[in-house]
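> Take a look at this one; I'll ask things after.
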Amino acid sequence: MAVMLHEPRVNHISAIDRSGIASPVINSKDYNHQEINPKKDNPQQPAGWRTFLSFVGPGFLVSLGYLDPGNFETDLQAGADHRYELLWVILIGLIFALVIQSLAVNLGVCTGKHLSEICKAEYPIFVKYCLWLLAEIAVIAADIPEVIGTAFALNILFKLPLWVGVLLTGFSTLLFLGIQRYGVRKLEGIAVLVLVMAGCFFGEMSYVKPPAADLLKGMFIPKLGGRGATGDTIALLGALVMPHNLFLHSALVLSRRIPNSVHGVNDACRYFLIESGFALFVAFLINVSIVAVSGTVCSGKNISSDSLDRCNDLSVHSASFLLRNVLGKSSSTLYAMALLASGQSSTITGTYAGQFIMQGFLELKMRKWLRNLITRCIAIMPSLIVSIIGGSSGAERLIIIASMILSFELPFALIPLLKFSSTTTKMGPHKNSMIELG
């Protein structure tokens, strides 16, 4: 499906007020809206880097959802069990993610409303509540790997019992709510935390040197060989293409002030597309490096018996040995810090997505800290029960189950998005189409 960049029908672009609900008045104190110089909105004058940079942020914030502990778990297992054979799933998944995230962006920019608000306005009450419930389940399923990943990191760093770490993750919501008071742009800056994790695996990848020919073969030749490949593929797709990100991205773009002109809206759509493409390309490289490292180390000819045992039961909790070649004795500590950074940075996406979904579908005037704490507590409950009963192995299986749930949840967000982005009354000439003629 092509992402169209026709000249859109310009609607009144709204902002997000202090409660997070779209309003027709832009308040620069709430989300640090970027003022656009009207001169740069002149079609005869090319926009500069400063204008482009004012739109940077939402795509990188959303891309954190593609780098959470759920991705860690599925990437590690895909590499250990199938070496490089499932790299094509990551490639196709992130290309597909770019297309649908771009549609969500265009919907928000052109209508001035995010996806959940439009669903509430357009669907009957029964359908509306069903979609809201499914979207909330998707947020909870996406939050479970973040909760468990953070608990694993605290267990490695401080030897805390897993269930204690799960409980402590509830306080991270309050931390980010405090940062949110300073504006969305401050939260977007936390995206740099994921570079800690990226640096570790890029360094290890340069050391183990996976065969380039095998990597390219796994990336461009689809194959589902070996035991459990189908299940791993479903889990990979669920961890990569998460439905709550569609609601989130269509809402985050409203935090930017879009010039009220055809040219200004076109530029905004193009800038957001470029930013999303770059952010997802970085996410693609990081996911590939994790699969490549686990696949190379666990299939090496000189692998020790200890490492072989760990590869047979590889998980996000026990993967620190993969970085031993580069990090030495400090591999466990630095890996835990990277895992903690991944879990906490991706928590932002789940927190915001839950906020916009609840507000858009239900228009609840609930306090932010209470609403987000309720969402996090719901996600904590299954993680807490499983960590007490099943320990680390049960928690690891729960991450895979949550990723598979996200795969089955995707159509319930994607179908409304495709419907609305293809509707002339909503998008005007900017609507999506299967084939572009002329």
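Residue-wise test of (1) of a type outside the set (A, V, I, L, M); (2) open to solvent by 10 Å² or more (accessible area, probe 1.4 Å).
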{"position": "Ile95", "(1), (2)": "no, yes"}
{"position": "Gly112", "(1), (2)": "yes, no"}
{"position": "Pro145", "(1), (2)": "yes, no"}
{"position": "Asn155", "(1), (2)": "yes, yes"}
{"position": "Leu168", "(1), (2)": "no, yes"}
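> Still on this structure, I have one more. If a residue must be touching a Ser or Thr at 6+ places or on another chain (Cβ under 7 Å) and crowded, with 24+ Cβ neighbours inside 10 Å, how many such residues does segment 341-355 contain?
First, the residues of segment 341-355 that are touching a Ser or Thr at 6+ places or on another chain (Cβ under 7 Å): 343-344, 347, 351, 354.
Pick out the ones that are also crowded, with 24+ Cβ neighbours inside 10 Å and you get 343, 347, 351, 354.
Of the residues in that region, 4 qualify.
> Then there's this: Considering each of Gly20, Gly112, Gly65 in turn, give the residue that is within 24 Å of the chain's Cα centre (by Cα), at pLDDT below 85 and more than 30 Å from Ser294 (Cα to Cα).
On the way: Gly112 fails: at pLDDT below 85; Gly65 fails: more than 30 Å from Ser294 (Cα to Cα).
Result of the check over Gly20, Gly112, Gly65: Gly20.
> Still on this model: Sort through Phe272, Phe278, Phe284 and tell me the only one that's surrounded by 23 or more Cβ atoms within 10 Å (Cβ to Cβ), modelled with pLDDT of 80 or more and part of a helix (DSSP H, G or I).
Working: Phe278 fails: surrounded by 23 or more Cβ atoms within 10 Å (Cβ to Cβ); Phe284 fails: surrounded by 23 or more Cβ atoms within 10 Å (Cβ to Cβ).
Of the residues listed, the single one that is surrounded by 23 or more Cβ atoms within 10 Å (Cβ to Cβ), modelled with pLDDT of 80 or more and part of a helix (DSSP H, G or I) is Phe272.
> Okay, next question. For segment 408-428, which positions are part of a helix (DSSP H, G or I) and open to solvent by 30 Å² or more (accessible area, probe 1.4 Å)?
Filtering segment 408-428 for residues part of a helix (DSSP H, G or I) gives 408-421, 424-428.
Once the filter is applied, which keeps residues that are part of a helix (DSSP H, G or I) and open to solvent by 30 Å² or more (accessible area, probe 1.4 Å), segment 408-428 yields Phe408, Pro411, Phe412, Ile415, Leu418, Lys419, Thr424, Thr425, Lys426.
> Can you tell me which residue among Asn71, Asn106 is under 21 Å from the mean Cα position of the chain (by Cα), farther than 26 Å from Gly343 by Cα and of a type in the set (S, T, N, Q)?
Values: Asn71 fails: farther than 26 Å from Gly343 by Cα.
On inspection, the qualifying residue turns out to be Asn106.
> If you check Met404 against the conditions, is it modelled with pLDDT under 80, farther than 16 Å from Gly170 by Cβ, open to solvent by 40 Å² or more (accessible area, probe 1.4 Å) and of a type in the set (A, V, I, L, M)? Even if it seems obvious, please write down each step before you answer.
Working: modelled with pLDDT under 80: no; farther than 16 Å from Gly170 by Cβ: yes; open to solvent by 40 Å² or more (accessible area, probe 1.4 Å): yes; of a type in the set (A, V, I, L, M): yes.
Spelling it out, it is not the case that Met404 is modelled with pLDDT under 80, farther than 16 Å from Gly170 by Cβ, open to solvent by 40 Å² or more (accessible area, probe 1.4 Å) and of a type in the set (A, V, I, L, M).
> Output the qualifying pairs, or none if there are none: Cβ atoms under 7 angstrom, residues six or more apart or on different chains, first residue in segment 199-227 and under 16 Å from Asn287 (Cβ atoms), second residue assigned to a helix (DSSP H, G or I) and acidic (Asp, Glu).
Final answer for the pair search is none.
> I'd like the residue in segment 209-257 that is over 30 Å from Lys113 (Cβ atoms) and among the β-branched types (Val, Ile, Thr) and, out of all such residues, is surrounded by the most Cβ atoms within 10 Å (Cβ to Cβ). Step through it out loud before you land on a result.
Going residue by residue through segment 209-257, those that are over 30 Å from Lys113 (Cβ atoms) are 209-236.
Keeping just the survivors that are among the β-branched types (Val, Ile, Thr) gives 221, 230, 233-234.
On the way: Ile221: 10, Thr230: 10, Thr233: 21, Ile234: 18.
Looking at the filtered set, the residue picked out is Thr233.
Residue-wise test of (1) out of contact with any Phe, Trp or Tyr (no Cβ under 9 Å at 6 or more places or on another chain); (2) among the aliphatic types (A, V, I, L, M); (3) farther than 24 Å from Gln355 by Cβ; (4) in contact (Cβ under 8 Å) with a residue 12 or more places away in the chain.
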{"site": "Gln77", "(1), (2), (3), (4)": "yes, no, yes, yes"}
{"site": "Trp88", "(1), (2), (3), (4)": "no, no, yes, yes"}
{"site": "Ala97", "(1), (2), (3), (4)": "no, yes, no, yes"}
{"site": "Ile100", "(1), (2), (3), (4)": "yes, yes, no, yes"}
{"site": "Ala104", "(1), (2), (3), (4)": "no, yes, no, yes"}
{"site": "Ser116", "(1), (2), (3), (4)": "no, no, no, yes"}
{"site": "Pro124", "(1), (2), (3), (4)": "yes, no, yes, no"}
{"site": "Val127", "(1), (2), (3), (4)": "yes, yes, no, no"}
{"site": "Leu134", "(1), (2), (3), (4)": "no, yes, no, yes"}
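> Could I ask something else about it? Somewhere in segment 78-88, is a residue out of contact with any strand residue (DSSP E or B) (no Cβ under 9 Å at 6 or more places or on another chain), open to solvent by 10 Å² or more (accessible area, probe 1.4 Å), of a type in the set (D, E, K, R) and in a helix (DSSP H, G or I)?
Yes.
The values are calculated or read from the model by the stated rules, or taken from the named source; none is laboratory data. Please read all numbers here as calculations on a predicted model, not as lab measurements. All Cβ positions, glycine included, derive from the backbone under ideal geometry; neighbour counts span all protein chains shown. Side chains included, ligands, DNA and RNA excluded: accessible areas come from the protein's heavy atoms. Shrake-Rupley method; radii C 1.70, N 1.55, O 1.52, S 1.80 Å.
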